[in-house]
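Please read the structure below before turning to the comments.
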Amino acid sequence: MSRLVAFAAIQGGYNIVSKVEGMYKKALATYNADTKVGFPNTAYYLPVIYSLLGMKVETLEDMKKPLDFARGLLPPHVKGSHHLPYLGPLLDAGMAALFAFEIQEAIRYLNEPDFYLHSEDIDQDAGKIWLGAADDTVFRKRGVEFVDGSAPGFAAIVGAAPNPEIAKLIVEEYQKRSLYIFLAANQNGTTVAEQLLEAGVQIGWNTRIVPFGPDISSAIFALGFANRAAMAFGGIKPGDYKRMLLYNKDRVFAFVNALGEVNAEWAAAAAGCVNWGFPTLSDTDIPEILPTGICTYEHVVANVPHDEMVQRSVEVRGLKVTVSKIDIPCSFGPAYEGERVRGADLYCQMGGGKSTATELVKMAEMNEIEDGKVEVIGPDIKDIKPGTSFSLGIYVQIAGREFQTDFEPILERQIHHLVNYIQSVMHIGQRDIAWVRVSKAAVEKGFSLKDIGVVLHAKFHQDFQKIVDKVQVTLYTKQEDVDKLTKRAREEYRTRDERVEKMTDESVETYYSCTLCQSFAPNHVCTVSPERTGLCGAYNWMDCKASFEINPTGPNQPIEKGECLDPVLGQWKGVNDFIFKASRGAVTHYNFYSMIKDPMTTCGCCEAIAATLPTCNGVMTVHRDYSGETPCGMKFTTLAGVMGGGASSPGFVGHSKFNITQGKFLKGDGGLLRMVWMPKSLKEEIKDRIIKRGTALGYPNLYDMIADETVGITEEEIMPFLQKVGHPALTMPSLLE
Ligand code: SF4
Ligand code: ZN
């Protein structure tokens, strides 16, 4: 903290208190001491004084007590020899100034009862543009918006911008973020309110741009408004100043923008606002108060360029951006999630076997990315011929003061349903096996790949306010770029998967549900344990845990596993109770470790599907990328079609690729040693892990014993091979007993 700003603010505090004491004396000489004073039509007296000090100022006489209190708060002057005053005295001086301001405004109401208009709207023709204190009717109507979230808070702008255009630019940016804009004070006689009128902007409570008054003292109406909200809706008792200030700090996202030269009085007011946790950002060179402590981040930030004022304010206050409108040519919403894009309607597609589609969400530094930037690198839909298939890389970078790499997979998994929300566009799968189908109808409306980025930016802000500050999206369509992204993404997926590697199901008491897929498979509930990752492969136990932390009422709920009903098949009472409810009674129980006996339900996202091969006394599995025939007589797509609707289908189960080599995989049916057939590409993809797991099970050469399509695609064809290599499944107990 700078000595200079402390000096200015403390000096300002003295000036203001002395000035108001003078006004008060004069008022006492003019009116009787029992003359009624106060703001119009309110039950909250002078609300800042009432809320923080518990003092009801009803008459001129009543002003003495809070004014004396303000005087008492003034700290000793900062002397030249004190080089680093601490924050306390500065905040006290600021608070004293604010109490004095409130009295000053009450005296103005007494002296000039018509100075302020008693209305929600200004009367420009009559030259009346200052609205003063909001009465209780306006307050109730508007204050509730601060509580229900429709207005996250307010920007208090004091002074004037260099010109009306800049004033308009700043204010409109705040409007877009649903903030109220409270205007006070002037800079050499010019005010933002007048500048806005000049620029043709409508002001008044209805446009959320509220011109309080032309003097710095009128800024007190903003704080009075905030404190009334805390009393009326937050249940804070008058006089409970600690909770009052904390409530504001935690619940009301407000800050001050000081435009123009900051004099001692403004500095005092800024210091006062720090008590509320409201920081000040100025466009001029005032000494900064950067260390954090009371405000979420910095307290006073100087020299902010006008075109960065809004973004910086929002960052410094820790305010979360809400993007209310999703600006794309197609309709958008959950209603379109389940909609398919069938062959005849198809315009083009990305991924799904014929090309690659990969998704990756990565954390970025705050200054590394630009919020809302969406770039398509390579040809877009308008550049390609109808009926084509091309590769797509969706790369999302997210920055946030509260963001962690643990959250990456959670946001990445949202891409599925969010892209599905776009009318006439369909999304299947995840990670590097995504599949996007775009219909002719969407293209007719003007759909572009850019819209995917627009949607992700908007929805990530909306749905993950707490952790997301900036979102930048890059869409790659050139094969080489997609390949590069895919390679990098696979490394990331591996790192994520391995986070649960050393955990066991026995080591935790809590599993997590996942009901993200219920829009497609209404009865489907994944239960994710350390040793059974989500069948989509995108969610493991760690991810679900992080997801629950971010969104405690979201799709990933903790499940106390409770009494173990069957340790071999993997069944718990707590899980059964949960899935019964979550499937609305459709599923009463299931086993984690068996595909034969009441397996877990499967939705259409599964990375792979296992099926029994009775002749071989074993099982096979096939992943989404393999489009050929398999020994169970069905291709992946047929299998997915048969059992992807959220049912438990004995003899089959959907699972993630990673799960194949986890310790509990099909343990109830004999485990990985039952595996007699896999597509070659899948086998190769997880080769190291199969060898490792096989070794642990006493079969270091298990990898070589598992048949693939080069051996055969029917049970008859692979049987001789299994016999030749002495596959362990052949000597295991009968599979179907
Ligand atoms: Fe969640 Fe399961 Fe769907 Fe994956 S497949 S998103 S774990 S419900
Ligand atoms: Zn699913």
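Would a scan of the stretch 620-638 turn up a residue that is among the polar types (S, T, N, Q) and without any contact (Cβ under 8 Å) to a residue 24 or more places away in the chain?
Initially, the stretch 620-638 is screened for residues among the polar types (S, T, N, Q), giving 621, 627, 630, 637-638.
Imposing the further condition that a residue be without any contact (Cβ under 8 Å) to a residue 24 or more places away in the chain reduces the set to 637-638.
Yes - at least one qualifying residue is present in the stretch 620-638.
Find the residue count for the stretch 504-523, including only residues that are crowded, with 17+ Cβ neighbours inside 10 Å, more than 16 Å from ligand 2 (Cβ to nearest atom) and more than 25 Å from the chain's Cα centre (by Cα). Let's see the steps before the verdict.
Looking only at the stretch 504-523, we keep the residues that are crowded, with 17+ Cβ neighbours inside 10 Å, and these are 505, 511-518, 520-521, 523.
From what is left, the residues that are more than 16 Å from ligand 2 (Cβ to nearest atom) are 505, 511.
Subsequent filtering for residues that are more than 25 Å from the chain's Cα centre (by Cα) retains 505.
So the count comes out to 1.
Can you name the number of the only condition in (1) under 30 Å from Leu682 (Cβ atoms); (2) more than 14 Å from ligand 1 (Cβ to nearest atom); (3) not β-branched (Val, Ile, Thr) that Tyr590 fails?
(2)
Could you tell me which residue of the stretch 525-536 is farthest from ligand 1 (Cβ to nearest atom), considering only residues that are over 20 Å from Lys502 (Cα atoms) and part of a loop (DSSP other than H, G, I, E, B)?
Applying the first criterion (over 20 Å from Lys502 (Cα atoms)) to the stretch 525-536 yields 525-526, 536.
With the extra rule that they be part of a loop (DSSP other than H, G, I, E, B), the set shrinks to 525, 536.
Working: Val525: 7, Cys536: 3 Å.
Among residues in the stretch 525-536 that are over 20 Å from Lys502 (Cα atoms) and part of a loop (DSSP other than H, G, I, E, B), the one farthest from ligand 1 (Cβ to nearest atom) is Val525.
Please go through the stretch 399-451 and pick out each residue that is under 15 Å from Glu492 (Cβ atoms) and either more than 16 Å from ligand 2 (Cβ to nearest atom) or among the acidic types (Asp, Glu) (or both).
The answer is Gln404, Thr405, Asp406, Phe407, Glu408, Leu411, Glu412, Asp432.
So is Ile579 part of a strand (DSSP E or B), crowded, with 20+ Cβ neighbours inside 10 Å and within 16 Å of ligand 1 (Cβ to nearest atom) or not? Break it down into steps so the answer makes sense when it comes.
Details: part of a strand (DSSP E or B): no; crowded, with 20+ Cβ neighbours inside 10 Å: yes; within 16 Å of ligand 1 (Cβ to nearest atom): yes.
Against the criterion (part of a strand (DSSP E or B), crowded, with 20+ Cβ neighbours inside 10 Å and within 16 Å of ligand 1 (Cβ to nearest atom)), Ile579 does not qualify.
Working only within the stretch 316-341, note down all residues that are closer than 29 Å to Ala640 by Cα, modelled with pLDDT under 90 and part of a loop (DSSP other than H, G, I, E, B).
Within the stretch 316-341, Ser331, Gly333, Glu337, Gly338, Glu339, Arg340 meet the criteria.
Can you tell which of Val256, Val274, Val262 is open to solvent by 30 Å² or more (accessible area, probe 1.4 Å) and either farther than 21 Å from Arg140 by Cβ or of a type in the set (A, V, I, L, M) (or both)?
Working: Val256 fails: open to solvent by 30 Å² or more (accessible area, probe 1.4 Å); Val274 fails: open to solvent by 30 Å² or more (accessible area, probe 1.4 Å).
Checking each option against the conditions leaves just Val262.
Just to confirm my filter: which helices (runs of 4 or more DSSP H) fall fully inside the stretch 403-472 and include at least 2 residues that are in the same structural domain as Met366 (by TED's automatic domain parsing), in contact with a helix residue (DSSP H, G or I) (Cβ under 8 Å, 6 or more places away or on another chain) and open to solvent by less than 10 Å² (accessible area, probe 1.4 Å)?
Where helices (runs of 4 or more DSSP H) fall fully within the stretch 403-472 and carry at least 2 residues being in the same structural domain as Met366 (by TED's automatic domain parsing), in contact with a helix residue (DSSP H, G or I) (Cβ under 8 Å, 6 or more places away or on another chain) and open to solvent by less than 10 Å² (accessible area, probe 1.4 Å), they are 408-420, 450-463.
Among the residues of the stretch 609-624, write down those that are closer than 15 Å to Ser734 by Cα and open to solvent by 20 Å² or more (accessible area, probe 1.4 Å).
Result: Thr612, Pro614, Thr615, Asn617.
When the stretch 378-397 is examined, which residues are found to be touching a helix residue (DSSP H, G or I) at 6+ places or on another chain (Cβ under 7 Å) and closer than 12 Å to Gly453 by Cα?
Within the stretch 378-397, Gly393, Ile394, Tyr395, Val396 qualify.
Determine the pairs where a residue that is touching a residue at least 40 places away in the same chain (Cβ under 8 Å), located within the stretch 402-418, has a partner that is within 16 Å of ligand 2 (Cβ to nearest atom) and in a helix (DSSP H, G or I) with Cβ atoms under 6 Å apart, the partner being 6 or more residues away or on another chain.
Qualifying pairs under 6 Å: Pro409/Asp543; Ile410/Asp543; Ile410/Ser547.
Here are the criteria: (1) away from ligand 1 (no atom under 11 Å from the Cβ); (2) touching a residue at least 24 places away in the same chain (Cβ under 8 Å). Tell me which single one Tyr539 does not satisfy.
(1)
Just one of the numbered conditions (1) open to solvent by 10 Å² or more (accessible area, probe 1.4 Å); (2) closer than 25 Å to Leu569 by Cα; (3) assigned to a helix (DSSP H, G or I) is not true of Met719; which one?
(2)
If you go through the stretch 34-52, how many residues are over 23 Å from Gly235 (Cα atoms), open to solvent by 40 Å² or more (accessible area, probe 1.4 Å) and either among the small types (Gly, Ala, Ser) or touching a residue at least 40 places away in the same chain (Cβ under 8 Å) (or both)?
Filtering the stretch 34-52 down to residues over 23 Å from Gly235 (Cα atoms) leaves 34-37.
Filter once more, so that each one left must be open to solvent by 40 Å² or more (accessible area, probe 1.4 Å): 34, 36.
Still in the list and also either among the small types (Gly, Ala, Ser) or touching a residue at least 40 places away in the same chain (Cβ under 8 Å) (or both): none.
Number of matching residues: 0.
Taking the stretch 573-591, which residues are among the aromatic types (Phe, Trp, Tyr) and in contact with a helix residue (DSSP H, G or I) (Cβ under 9 Å, 6 or more places away or on another chain)?
Result: Tyr590, single match.
Could you look through the stretch 472-524, keep only residues that are over 30 Å from Gln571 (Cα atoms) and of a type in the set (Val, Ile, Thr), and pick out the one that is farthest from ligand 1 (Cβ to nearest atom)?
Initially, the stretch 472-524 is screened for residues over 30 Å from Gln571 (Cα atoms), giving 472-492.
In the following step, the residues that additionally are of a type in the set (Val, Ile, Thr) were identified as 473-474, 477, 482, 486.
On the way: Val473: 21, Thr474: 24, Thr477: 26, Val482: 23, Thr486: 20 Å.
Per the criteria, the residue is Thr477.
If you take the residues in the stretch 368-384 that are touching a strand residue (DSSP E or B) at 6+ places or on another chain (Cβ under 8 Å) and open to solvent by 60 Å² or more (accessible area, probe 1.4 Å), which one is nearest to Asp406 (Cα to Cα)?
Checked the stretch 368-384; the qualifying residue nearest to Asp406 (Cα to Cα) is Glu368.
Taking the stated definitions as given, is Phe548 within 16 Å of ligand 1 (Cβ to nearest atom) and open to solvent by 10 Å² or more (accessible area, probe 1.4 Å)? First the steps, then the outcome.
Details: within 16 Å of ligand 1 (Cβ to nearest atom): yes; open to solvent by 10 Å² or more (accessible area, probe 1.4 Å): yes.
Yes.
Name the single residue that is farthest from Ala610 (Cα to Cα) among those in the stretch 524-549 being near ligand 2 (Cβ under 10 Å from one of its atoms) and among the small types (Gly, Ala, Ser).
The residue in question is Ala538.
The values are calculated or read from the model by the stated rules, or taken from the named source; none is laboratory data. Nothing here was measured: the structure is a model prediction, and the numbers come from that model. Here the Cβ is made from the backbone with ideal geometry for all residues, glycine too, and neighbour counts use every protein chain on show. These accessible areas exclude ligands, DNA and RNA; they are computed on the full protein's heavy atoms, side chains included. Shrake-Rupley method; radii C 1.70, N 1.55, O 1.52, S 1.80 Å.
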